[in-house]
Amino acid sequence: MADIKTCEQSGESNAPSVAVVMYLLFSLIISVMAGFNAFESMHIPETLGFIKRTVWVIMAVVAGTPFGVIGGLIGGLLRNIACPSAILTGGMIDTLWKRLFWAIGPQSIGVFFGTGLGLFLASELFKKFFV
């Protein structure tokens, strides 16, 4: 068993702003992809016009992106709180998996859940007002 230190804090002052930009990009990509592919899962007829589909994509991006950024920030906060000072591993692969999880895992989970929440809220508003 190897004792590996993890979750060292970088002394860079621009680290949070870089993280927010990354959360923004990832949630924007997820929102756009979900905006274009969500009609089948939402059970919305495909006979909707171009304008309504465009409104849906805009609603998905406007609602999903900020919620994704907030989810990423919450995930980063939880990572800083819960990250162990050392991890015990059984080998190189186990070490890589655990270091990878603690490097990007909680933030990624937060971005996905936050974007999903924003998309859910946007889909409910879209169904209520446009379908």
If you take the residues in the range 86-95 that are part of a helix (DSSP H, G or I) and not acidic (D, E), which one is farthest from G75 (Cα to Cα)? M92
Please find, among G114, G105, the residue that is touching a residue at least 12 places away in the same chain (Cβ under 8 Å), part of a helix (DSSP H, G or I) and either among the polar types (S, T, N, Q) or surrounded by 19 or more Cβ atoms within 10 Å (Cβ to Cβ) (or both). G114
I need every pair where a residue in the range 10-29 that is assigned to a helix (DSSP H, G or I) and modelled with pLDDT under 85 has its Cβ under 6 Å from the Cβ of a residue that is loosely packed, with under 14 Cβ neighbours inside 10 Å and not β-branched (V, I, T), sequence separation at least 6 or different chains. none
When G71 is evaluated against the numbered criteria (1) modelled with pLDDT of 80 or more; (2) farther than 18 Å from A122 by Cα; (3) of a type outside the set (A, V, I, L, M), which criterion, by number, is the only one it fails? (2)
Condition check for A86: under 21 Å from S108 (Cα atoms) and at pLDDT below 90: no
Which condition does K98 not pass, out of (1) surrounded by fewer than 17 Cβ atoms within 10 Å (Cβ to Cβ); (2) out of contact with any Phe, Trp or Tyr (no Cβ under 9 Å at 6 or more places or on another chain); (3) in a helix (DSSP H, G or I); (4) touching a residue at least 24 places away in the same chain (Cβ under 8 Å), if it passes all the others? (1)
Filtering the range 75-85 down to residues that are in a helix (DSSP H, G or I) and either under 20 Å from F26 (Cα atoms) or touching a residue at least 40 places away in the same chain (Cβ under 8 Å) (or both) yields G75, G76, L77, L78, R79, N80
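The values are calculated or read from the model by the stated rules, or taken from the named source; none is laboratory data. On a predicted model such as this, the values are computed, not experimentally measured, just so you know. Cβ sites come from the backbone with ideal geometry, for glycine too, and all protein chains shown count toward neighbours.
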